[in-house]
Amino acid sequence: MSEPLVVVENVRKVYRSGPREVVALRGVSFQAHPGELVAIRGRSGSGKTTLLNQIGGLDRPDTGRVVVAGHEVTAMGEDELLALRRDVIGFVFQTFGLIPVLSAAENVGVPMRLVRMPVEEREKRIRMLLALVGLEQHANQRPYELSGGQRQRVAIARALANRPRLLIADEPTAQLDSQTGRQIMQLLRALVRSEGVTALVATHDPGLITLADRVLEIADGMVRETAPAAP
């Protein structure tokens with residue numbers, strides 16, 4: 001088997017509110033390899049988002065270690081983390097996070113502008129990514145003109161803009177109906193295969209778990225691996 005792209009070792013995270021402590025993660029350890037779609041399952045408040053935030057460098061654990069694509073995330077400074085999130089990790093959120101005044105194509109192009117990709121190359125990749133998610137005919141529409149499923153497809157295309165090696169999706173189907181949610185999960189699985197990325201997808205929807213290569217179940221801040229249910 002190839003070297004793991006993601007290594008999480010004994011990660012612990014505690015939130016404090018006055019004298020009260022809430023242990024979000026209790027020594028979590030796991031690995032994810034290139035080309036895997038890993039579902040992280042658990043009820044709301046179980047620690048899924050907290051775990052993804054440690055991996056994506058959006059938060060720091062109290063103890064433990066996270067390595068992504070050979071970079072020790074937990075030892076990085078803020079500038080290094082910004083570069084990691086720009087060049088190595090793509091994020092998809094349940095709220096889509098699109099810029100309302102920009103078209104679908106312009107939203108997808110934002111990360112490429114940040115790295116000053118040449119205009120011709122940028123326009124070509126925008127067209128390719130919109131075609132990849134089935135939205136080539138909607139390039140000039142703004143988010144309010146698109147359905148929820150279409151907006152999430154734009155968000156996925158944007159996450160792939162700078163050819164990330166890791167895709168982190170936090171409840172990407174939570175605001176969608178079950179059929180559209182399944183289509184989005186199927187799209188993510190197809191992109192893992194075609195783009196060769198690793199995807200970590202948090203969900204509490206049991207209907208989507210069957211599409212994952214591996215399933216990590218998180219409860220009370222602890223993780224165990226379970227087998228995907230039969231479709």
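The values are calculated or read from the model by the stated rules, or taken from the named source; none is laboratory data. Predicted model only: the values in this text are computed from it and were never measured. When we count neighbours, we look across all protein chains shown, and the Cβ atoms used for this are built from the backbone with ideal geometry, even at glycine.
If you scan segment 54-65, which residues turn out to be surrounded by 18 or more Cβ atoms within 10 Å (Cβ to Cβ), on the phi < 0 side of the Ramachandran plot, within 17 Å of the chain's Cα centre (by Cα) and free of Cβ contacts under 8 Å to residues at least 60 places away in the same chain?
The initial filter retains those residues of segment 54-65 that are surrounded by 18 or more Cβ atoms within 10 Å (Cβ to Cβ), namely 54-57, 61, 64.
This time we only want the ones that are on the phi < 0 side of the Ramachandran plot, so: 54-56, 61.
Subsequent filtering for residues that are within 17 Å of the chain's Cα centre (by Cα) retains 54-56.
54, the sole residue that qualifies.
Can you name every residue in segment 13-59 that is of a type in the set (Lys, Arg) and under 17 Å from residue 223 (Cα atoms)?
The first filter runs over segment 13-59 and keeps only residues of a type in the set (Lys, Arg), leaving 13, 16, 20, 26, 41, 43, 48.
Answer for segment 13-59, where residues must be of a type in the set (Lys, Arg) and under 17 Å from residue 223 (Cα atoms): 13, 26, 41, 43, 48.
Please find, among 68, 73, the residue that is free of Cβ contacts under 8 Å to residues at least 24 places away in the same chain, in the same structural domain as residue 185 (by TED's automatic domain parsing) and buried (at least 20 other Cβ atoms within 10 Å of the Cβ). Spell out how you get there, then give the answer.
On the way: 68 fails: free of Cβ contacts under 8 Å to residues at least 24 places away in the same chain.
Testing whether each residue is free of Cβ contacts under 8 Å to residues at least 24 places away in the same chain, in the same structural domain as residue 185 (by TED's automatic domain parsing) and buried (at least 20 other Cβ atoms within 10 Å of the Cβ) leaves just 73.
What pairs come up if the first residue lies in segment 145-165 and is at positive phi, the second is at pLDDT below 95, and their beta carbons are under 8 Å apart, counting only those six or more places apart or on different chains?
163/195
Go through segment 139-191 and count every residue that is assigned to a helix (DSSP H, G or I) and among the small types (Gly, Ala, Ser).
Initial filter on segment 139-191 (assigned to a helix (DSSP H, G or I)): 143-145, 148-159, 178-191.
With the extra rule that they be among the small types (Gly, Ala, Ser), the set shrinks to 148-149, 155, 157, 159, 178, 181, 190.
Residues in segment 139-191 being assigned to a helix (DSSP H, G or I) and among the small types (Gly, Ala, Ser): 8 in total.
Quick one: how many residues across segment 172-190 are without any contact (Cβ under 8 Å) to a residue 60 or more places away in the chain and out of contact with any helix residue (DSSP H, G or I) (no Cβ under 7 Å at 6 or more places or on another chain)? Break it down into steps so the answer makes sense when it comes.
Step one: filter segment 172-190 for residues without any contact (Cβ under 8 Å) to a residue 60 or more places away in the chain, giving 176-187, 190.
Then drop every residue that is not out of contact with any helix residue (DSSP H, G or I) (no Cβ under 7 Å at 6 or more places or on another chain), which leaves 177, 179, 186, 190.
Of the residues in that region, 4 qualify.
If you check residue 185 against the conditions, is it crowded, with 16+ Cβ neighbours inside 10 Å, among the aliphatic types (A, V, I, L, M) and within 25 Å of residue 88 (Cα to Cα)? Explain how you work it out, then say what you get.
Working: crowded, with 16+ Cβ neighbours inside 10 Å: yes; among the aliphatic types (A, V, I, L, M): yes; within 25 Å of residue 88 (Cα to Cα): yes.
It is true that residue 185 is crowded, with 16+ Cβ neighbours inside 10 Å, among the aliphatic types (A, V, I, L, M) and within 25 Å of residue 88 (Cα to Cα).
What residue, among those in segment 1-51 that are exposed (fewer than 15 other Cβ atoms within 10 Å of the Cβ) and not in a strand (DSSP E or B), is modelled with the lowest pLDDT?
1
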